[in-house]
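Below is one structure, written out as structure tokens; comments come after it.
The values are calculated or read from the model by the stated rules, or taken from the named source; none is laboratory data. All values derive from a computational prediction rather than experimental measurement. Here Cβ is always computed from backbone atoms with ideal geometry, including for glycine, and neighbour counts include all displayed protein chains.
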Amino acid sequence: MKSSQIILGLGAVAFVFAALVLVTQRLNNEAPLPFKDFSVKTMETRKVSGLSLTNIEAENNGVLLRLELVGGMNEKLANLYLEEKKVGIESLFLTQPAHYPGIITREVECSEKFQPEKGTINETAYYIMYANSRFSYGVCVPDLVAYRSIVGLRYCRDQKVFVEAEFFFPPETFDKDRALQLLSSFQCP
């Protein structure tokens, strides 16, 4: 191995460690009030195709936070990744032909009530949706609803980190204003 490769590798490890320390401190100690009371349950870091991938799960009073940080991503790749994430979410709610079309059902569609609400807050694109018990989106019937969720997608240019934050609330306690406040309180590490 060349010494430049070793130095680059050590630099990447140092970056990931620093990002983990900063994110953990933000989640547990230094974050604005909405994140302050979240306790980290699991944290995992790994390398994927030259990028560092960190997954964190935290919880506070029945609200689950899943945070994914992809480090080492340039802006062009981050924009592509953001668009791919958006298309992935929005495609779950498109009208599709029924698997077994009949006289009554030719298409399967998600009613307006279950369509995602989307917007942007503090440079973070977000979607508010329903999720099932396995934290999957695309739920279009009341019997499968286990959570009300807000997903935030953001690229932190200076740190070269793409962030996906998912908050899962019990449907009966979901408050859109609180959810948006939680999401907008996130600052780049």
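Assorted remarks:
- Residue within region 105-113 that is assigned to a loop (DSSP other than H, G, I, E, B), over 19 Å from Leu69 (Cβ atoms), touching a Leu at 6+ places or on another chain (Cβ under 9 Å) and modelled with pLDDT under 95 present: yes
- For region 174-189, taking the residues that are touching a residue at least 40 places away in the same chain (Cβ under 8 Å) and in contact with a strand residue (DSSP E or B) (Cβ under 8 Å, 6 or more places away or on another chain), the one that is nearest to Arg134 (Cα to Cα) is identified as Ala179.
- Residue count for region 148-161, restricted to those that are free of Cβ contacts under 8 Å to residues at least 40 places away in the same chain and more than 12 Å from the chain's Cα centre (by Cα): 3
- When Ile128 is tested against (1) surrounded by 12 or more Cβ atoms within 10 Å (Cβ to Cβ); (2) modelled with pLDDT of 95 or more; (3) more than 27 Å from Tyr147 (Cβ to Cβ), only condition (3) is not met.
- Pairs with Cβ under 7 Å, 6+ apart, first in region 119-134 and of a type in the set (A, V, I, L, M, F, W, C), second in a strand (DSSP E or B) and exposed (fewer than 13 other Cβ atoms within 10 Å of the Cβ): Ile128/Glu117
- When residues of region 39-89 are limited to those that are assigned to a helix (DSSP H, G or I) and among the charged types (D, E, K, R), the one surrounded by the fewest Cβ atoms within 10 Å (Cβ to Cβ): Lys76
- Long-range neighbours under 7 Å by Cβ, at least six apart or interchain, first residue among the aliphatic types (A, V, I, L, M) within region 88-117, second outside any loop (DSSP other than H, G, I, E, B) and at pLDDT below 85: Ala98/Glu107; Ala98/Val108; Val108/Gln96
- Restricting region 131-173 to residues that are in contact with a strand residue (DSSP E or B) (Cβ under 7 Å, 6 or more places away or on another chain) and among the acidic types (Asp, Glu), the residue that is nearest to Leu51 (Cα to Cα): Glu164
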